[in-house]
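Peer 1: Please find one structure pasted underneath; my questions will follow.
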Amino acid sequence: MLTIAIPKGRLFKKIKELLIYFEPKVKDFDESSRKLIFETNKFRLVLVKPFDVPTYVYYGGADLGICGKDVILEHDYDIYELLDLNFGKCRISIAQKKEVKEFKLFPGFKVATKYENITRKYFGDLGIDVEIIKLYGSVELAPILNLADAIVDLVETGTTLRENGLKEVKVIEHSSARLIANRAFLKTKYNFIKPFVENLKKLIKEKKEG
Amino acid sequence: MLVPRGFNYIFENVYSGLFSLISKIKSIYEAWGYEALIPPEVDFKSTFSLEEEKLFRFLDKFSGKTLTLRPDFTPQIKKYVLFLKENLYPLRYYYFGNIYKDEKSKRQNFVTGIEILGELGLEADGEVLSILHLILNITSKPFQVDIGHTLFLEGLFEELKKLLNPSQIIHLQNILKKKDFSLLEKFFEESNLDSKKKEVLNFILNAYGGKEVLKEARKFVLNKKMEKAISDLEKVYRVLEIYEIKDNLVFDLSEIRGLNYHKGIVFEVFINSYPFPVAKGGRYLVKETEKVWGVGFTLDLEAILQFVSLPEEKIKVYLIDNTEDKKLALKLATLLRKKGFIVARDIIKRDNKISLEIAKKKNLDFAVVLKENGFDIIVLNEKKNSENKLKEIEKVLTKILS
């Protein structure tokens, strides 16, 4: 049996659709239920916060996990990234108040974000050690309230940004849902994981080609 | 805070476990003709090739050189051999000790390992893997040893470098490191690789399994290096067949990592249900000119300890003596210790009740209270065999008193 860490929220519905192909019973897996573990013959699905998926996988709480590339980059654990599942597409971007004419960096530049590591690395590579203001939600508020000069956040359509008077000024990285694996478990459970990955690969390809 | 991040106190249960494990492993090493060689915990930074930010560094006021806590034993042993005036190859060394890496997780790890050095053929790799198997057999869990060869990928990349630019090479190495099947396909679309190379790369990501992987790999050999990798692996397999330990072997040509000094056979050990490798090793060059090689492994002892059944715990007796003449207490303690009990004496003057409470909290099994006119035996913590042990203590006491 494979233990897979599944994130609540944005990606849940699509992941469920995908897993139903392997095990019809998965249709009863309910995100809003208080039960955090759902077991079928093939899978043990564990429901976790999106940001925790790589942590569960790295420390061996789950053999596999599905999460956004953004979360993988933020954690930077030594794990395998087996497949791009081709949904949950979005960008990790820098956004500023729409009044700001030009994206300009200066010493003391403040960035509000929950992606502390991605942000530090991106600006660090540009030669600026920005001041990072770690927020756990409603990041869009920060520039409006003059808490920060910019934000780094996930952008899907850009509607949220626009509604809060912000604009996307730079894309740091493109993100989509990924299948990740614990290094040791990919090896010790190879005979279980391999066929699953192969079938998943086929399935995604079929879906992609319509 | 009691300890800095990544460092630990070691307590009784772990320490006892480690000692019993050490003595078992040490006797295996000795039986195969290995000798202890324990380098200093502090050495010149130049000894090691690990990235600087992972080293604990400080300045040596005598030499002016940068020193570091050792992150790895192998480079120290290799250096020792380079300084030897006389060569008596093959040299066989084993070690136990701490290694230090300045990382987010545990920064101090207690490890053991061996190194064999000399003009070594593949029998050496076989010997090292055999010893590793014997150690892993101490654990009660199934394990697997994944064996690869650095030359397979090295040879492949030699061919790829003729076709790809340096940034494409780095990108491809990252894809292989992450085993990213989707990115590999995308990479194929974007680069001008011929179908033969694409086939090899596709094979690499799946080149994992039993002996059949080597047979399959033969089809994809592009140059002498790749050829040597496969024939080396086949030879080692034959050695391991003779030692009858081939069942736990998995061939892995897909793994791009390994320590940067390894050249040749490399391996990693996994214990089922444990999420990290418990041992790593491989072959490395000691002296290029004289073709002196080393082969060795390092094993994480604290990880292994979780899978080893601990020696049976001894019964702990607390001896409270209310008599004036201490002779009886000392005699009793000596006799009980001889019979395998752990006996600690209550040497603080206080009310018996307090002594008993403390002994109970410390998880001791029995208390013996000696009085001028006899004795009491009190069961502090009930265990399976408490009744028998109680009788045994009683017998010893009656014998002394009569």
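The values are calculated or read from the model by the stated rules, or taken from the named source; none is laboratory data. Note that the coordinates shown come from a computational prediction; the quantities given were computed from them, not determined experimentally. Backbone-built Cβ (ideal geometry, glycine too); neighbour counts: all protein chains shown. Remember, those area values only see protein heavy atoms, side chains included, never the ligands or the DNA or RNA. Shrake-Rupley method; radii C 1.70, N 1.55, O 1.52, S 1.80 Å.
Peer 1: Among what's in the stretch B:211-239 and is open to solvent by less than 10 Å² (accessible area, probe 1.4 Å) and in contact (Cβ under 8 Å) with a residue 60 or more places away in the chain, pick the residue that is farthest from B:Phe152 (Cα to Cα).
Peer 2: So the residue we want is B:Val236.
Peer 1: Take the conditions open to solvent by 30 Å² or more (accessible area, probe 1.4 Å), among the acidic types (Asp, Glu) and either modelled with pLDDT under 95 or not assigned by TED's automatic domain parsing to the domain that holds A:Cys67 (or both) and apply them to A:Asp149. Does it pass?
Peer 2: Yes, satisfied.
Peer 1: Of the residues in the stretch B:73-116, how many are open to solvent by 30 Å² or more (accessible area, probe 1.4 Å) and farther than 12 Å from B:Pro39 by Cβ?
Peer 2: So the answer is 19.
Peer 1: On the given criteria, is B:Ile170 open to solvent by 20 Å² or more (accessible area, probe 1.4 Å) and of a type in the set (Val, Ile, Thr)?
Peer 2: Yes, satisfied.
Peer 1: I'd like the full set of residues that are away from chain A (no Cβ under 11 Å) and either small (Gly, Ala, Ser) or open to solvent by less than 10 Å² (accessible area, probe 1.4 Å) (or both), limited to the stretch B:142-156.
Peer 2: Answer for the stretch B:142-156, where residues must be away from chain A (no Cβ under 11 Å) and either small (Gly, Ala, Ser) or open to solvent by less than 10 Å² (accessible area, probe 1.4 Å) (or both): B:Ile147, B:Gly148, B:Phe152, B:Gly155, B:Leu156.
Yes/no per residue for (1) within 13 Å of chain A (Cβ to nearest Cβ); (2) more than 19 Å from B:Phe73 (Cβ to Cβ):
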position	(1), (2)
B:Ile265	no, no
B:Glu268	yes, no
B:Tyr274	yes, yes
B:Gly281	no, no
B:Leu285	no, no
B:Glu290	no, yes
B:Gly294	no, no
B:Glu302	no, no
B:Phe307	no, yes
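Peer 1: Taking the criterion of being part of a helix (DSSP H, G or I), closer than 18 Å to B:Asp300 by Cβ and of a type in the set (A, V, I, L, M, F, W, C), would at least one residue in the stretch B:1-8 satisfy it?
Peer 2: No; the residues of the stretch B:1-8 include none that is part of a helix (DSSP H, G or I), closer than 18 Å to B:Asp300 by Cβ and of a type in the set (A, V, I, L, M, F, W, C).
Peer 1: Among the residues of the stretch B:152-164, is any touching a residue at least 12 places away in the same chain (Cβ under 8 Å), within 30 Å of B:Phe56 (Cβ to Cβ) and not in a loop (DSSP other than H, G, I, E, B)?
Peer 2: The answer is no; no qualifying residue exists.
Peer 1: Out of (1) in contact (Cβ under 8 Å) with a residue 40 or more places away in the chain; (2) open to solvent by 80 Å² or more (accessible area, probe 1.4 Å), the odd one out for A:Phe22 is which?
Peer 2: With respect to (1) in contact (Cβ under 8 Å) with a residue 40 or more places away in the chain; (2) open to solvent by 80 Å² or more (accessible area, probe 1.4 Å), A:Phe22 is out only on (2).
Peer 1: Which residues, taken from the stretch A:176-210, are more than 10 Å from chain B (Cβ to nearest Cβ) and hydrophobic (A, V, I, L, M, F, W, C)?
Peer 2: A:Ala177, A:Phe192, A:Ile193, A:Phe196, A:Leu203, listed by residue number.
Peer 1: If we only count helices (runs of 4 or more DSSP H) wholly inside the stretch A:29-132, which ones have 3 or more residues that are open to solvent by less than 30 Å² (accessible area, probe 1.4 Å) and more than 12 Å from A:Ala150 (Cβ to Cβ)?
Peer 2: Answer list for the stretch A:29-132: A:53-58, A:69-75.
Peer 1: Among the candidates B:Ser130, B:Ser182, B:Ser167, which residue alone is in contact (Cβ under 8 Å) with a residue 60 or more places away in the chain and either more than 10 Å from every other protein chain (Cβ to nearest Cβ) or not acidic (Asp, Glu) (or both)?
Peer 2: The unique qualifying residue is B:Ser130.
Peer 1: Answer yes if at least one residue in the stretch A:84-106 is under 10 Å from the mean Cα position of the chain (by Cα) and within 14 Å of chain B (Cβ to nearest Cβ), and no otherwise.
Peer 2: Yes.
Peer 1: Looking at A:Phe192, is it among the aromatic types (Phe, Trp, Tyr) and open to solvent by less than 20 Å² (accessible area, probe 1.4 Å)?
Peer 2: no
Peer 1: Consider B:Ile245 carefully, then state whether it is farther than 17 Å from A:Ala184 by Cβ, touching a residue at least 24 places away in the same chain (Cβ under 8 Å), more than 9 Å from every other protein chain (Cβ to nearest Cβ) and open to solvent by less than 10 Å² (accessible area, probe 1.4 Å).
Peer 2: no
Peer 1: Then there is this: Please indicate, with yes or no, whether at least one residue in the stretch B:176-189 is surrounded by fewer than 18 Cβ atoms within 10 Å (Cβ to Cβ), at pLDDT 90 or above and under 30 Å from B:Gly296 (Cα atoms).
Peer 2: Yes.
Peer 1: Give the residue, chosen from B:Ser273, B:Ser254, that is assigned by TED's automatic domain parsing to the domain that holds B:Ser130 and open to solvent by 50 Å² or more (accessible area, probe 1.4 Å).
Peer 2: B:Ser273
Peer 1: Out of the residues in the stretch B:286-297 that are touching a residue at least 24 places away in the same chain (Cβ under 8 Å) and surrounded by fewer than 21 Cβ atoms within 10 Å (Cβ to Cβ), state the one that is farthest from B:Phe19 (Cα to Cα).
Peer 2: B:Glu290
Peer 1: Oh, and also: List every residue pair whose Cβ atoms lie under 8 Å apart, where the two residues are 6 or more positions apart in sequence or sit on different chains, the first residue falls within the stretch B:11-38 and is loosely packed, with under 15 Cβ neighbours inside 10 Å, and the second residue, located anywhere, is in a helix (DSSP H, G or I).
Peer 2: Partner pairs satisfying both residue conditions: B:Ile22/B:Leu301.
Peer 1: Okay, moving on. Inspect the stretch B:112-120 for any residue being at negative phi and either outside the structural domain of B:Glu268 (by TED's automatic domain parsing) or free of Cβ contacts under 8 Å to residues at least 60 places away in the same chain (or both) and give the result as yes or no.
Peer 2: No.
Peer 1: I'd like to know if the stretch A:153-175 contains one or more residues that are under 30 Å from A:Leu105 (Cβ atoms), surrounded by 21 or more Cβ atoms within 10 Å (Cβ to Cβ), within 14 Å of another protein chain (Cβ to nearest Cβ) and small (Gly, Ala, Ser).
Peer 2: yes
Peer 1: Say we look at the stretch B:366-382 and pick out the residues that are without any contact (Cβ under 8 Å) to a residue 24 or more places away in the chain and under 45 Å from the mean Cα position of the chain (by Cα); which of these is most open to solvent (accessible area, probe 1.4 Å)?
Peer 2: Only one residue fits best here, namely B:Glu382.
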